[in-house]
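Everything on this sheet refers to the single structure shown next.
The values are calculated or read from the model by the stated rules, or taken from the named source; none is laboratory data. Remember, predicted model here, so these are calculated numbers, not experimental data. Please note: Cβ atoms are built from the backbone with ideal geometry, for glycine as well, and neighbour counts cover all protein chains shown.
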Amino acid sequence: MTDLRSPNDVVFATSQHLTDAAMATFCDQVSYLHEAIETVNVENGKITLGMVDIVDDSARDRLRAEIDELAVRVARSYAKVRTNVISEHEGEATYREDPMPHLRATRQAIATYPGTFILRGDILKVINGLDAYFKSFALRLGAEEQDYPTTVPLRSMIDNGYLSSFPHHALTVSRIHADLADLARAAQALDGDSLPHDIYFSAGQMLAPTVCYHCFESMRGQDVRNVGRVFTAKARCHRHEGAATSGLTRLQTFNMREIILFDTLNKVAEQKQAILDEVEADFTRWGVAFEIATATDPFFPIQNETKRAFQSLQALKHELRLKLPYDDDDLACASFNNHKDTLVKSYAITDSDTDMPSSGCVGFGLERLAFSLFSQFGMDLGAWPAALRKDILISPGGLT
């Protein structure tokens, strides 16, 4: 039921039983129900929606119904989901403060828009060191490095099912109509936040939400035997996070290094596990506090209620979650995914060596990783564990 406490806020207490994971998904997705929702907070089992504008009675009634429906759908989609912690490491974390105030005060993280930052100084040094390390790791696996553009064709996002599963994260690209009147209206605009909506034309593109979709698009209609089986790239990714946007832990634009795999179902599973094992060994050697657990993607629960259960039961996705001591929480910083044959079918990718080609990918969120390391070891890089400093700061990726 929904209790309206003020003209601008909605306080909601669901009758649905939501696990911690389900509640996190519900809180992330409830902000997409109305453009006026700016913040979502949970306290004592109640969810408060901070509203930018006062909504009329009919809009409130619709919001009540949509909140209740969303809670039911999320609860149902998590009914068969089980999170299994595969391994844990206590690490050598010595820091207990939120790094973000220091990063802002020293202008190492300069916000330009909600969820977008200009980065410099030590945090950029750590991000670049981490990327060099994981790039070297991928090259040792025989990966071919590629360079990707910012956008992907919208057609690609429809073919691969991204839009049907994550419509709330999509950031499409548009341009102003090739019309003198519309161009003049844009040129004379006084406020960048209020350009007339009717002057835009869809350009058939979307800001890439992840790295691997570029690779799949490049492989469309190809035989992997002829073009390669392992690829790697670093690219900017873009996702609309709504009210969930928060510092460097939940960004609209972020950097990711990925390793993309093509082979038989068993070989992809073996490669994924081998990479996971080596990453676990590296982070243990570095003294990082983390856990590795099964996970599911943040599917929007409309026509996707069975996907989360299938992904969980098949253990197709694992996450590396680093501890955030200041918040007594953890943060997903890397994911290890087995796509089975879903994406190779979408892109008509074949393999003349097998009748059943499959794919997988491993993604490292570089800003999240760097932020988590600062949250565990503090702002003085010289005080970080010696093995970590050596691998990502002194000789990142084995470079001299």
Of all residues in region 172-194, which are assigned to a loop (DSSP other than H, G, I, E, B), surrounded by 15 or more Cβ atoms within 10 Å (Cβ to Cβ) and of a type in the set (A, V, I, L, M, F, W, C)? none
Residue satisfying all of: in region 325-341; within 15 Å of the chain's Cα centre (by Cα) and surrounded by 21 or more Cβ atoms within 10 Å (Cβ to Cβ); nearest to Thr249 (Cα to Cα) among these: Leu331
Does region 156-167 include one or more residues that are in contact (Cβ under 8 Å) with a residue 12 or more places away in the chain, within 22 Å of Leu251 (Cβ to Cβ) and part of a strand (DSSP E or B)? no
Residue tally, condition assigned to a strand (DSSP E or B) and either modelled with pLDDT of 95 or more or polar (S, T, N, Q) (or both), over region 342-392: 9
Set Arg107, Arg60, Arg120: member being on the phi > 0 side of the Ramachandran plot, free of Cβ contacts under 8 Å to residues at least 60 places away in the same chain and either in the same structural domain as Leu324 (by TED's automatic domain parsing) or not β-branched (Val, Ile, Thr) (or both): Arg107
Just to be sure, is Glu88 closer than 30 Å to Val279 by Cα, in a loop (DSSP other than H, G, I, E, B), at pLDDT 85 or above and not polar (S, T, N, Q)? no
Quick one: which of Leu261, Leu276, Leu265 is surrounded by 21 or more Cβ atoms within 10 Å (Cβ to Cβ) and either touching a strand residue (DSSP E or B) at 6+ places or on another chain (Cβ under 7 Å) or small (Gly, Ala, Ser) (or both)? Leu261
How many residues, within region 242-265, are in contact (Cβ under 8 Å) with a residue 40 or more places away in the chain, within 16 Å of Asp28 (Cα to Cα) and either charged (D, E, K, R) or in a strand (DSSP E or B) (or both)? 1
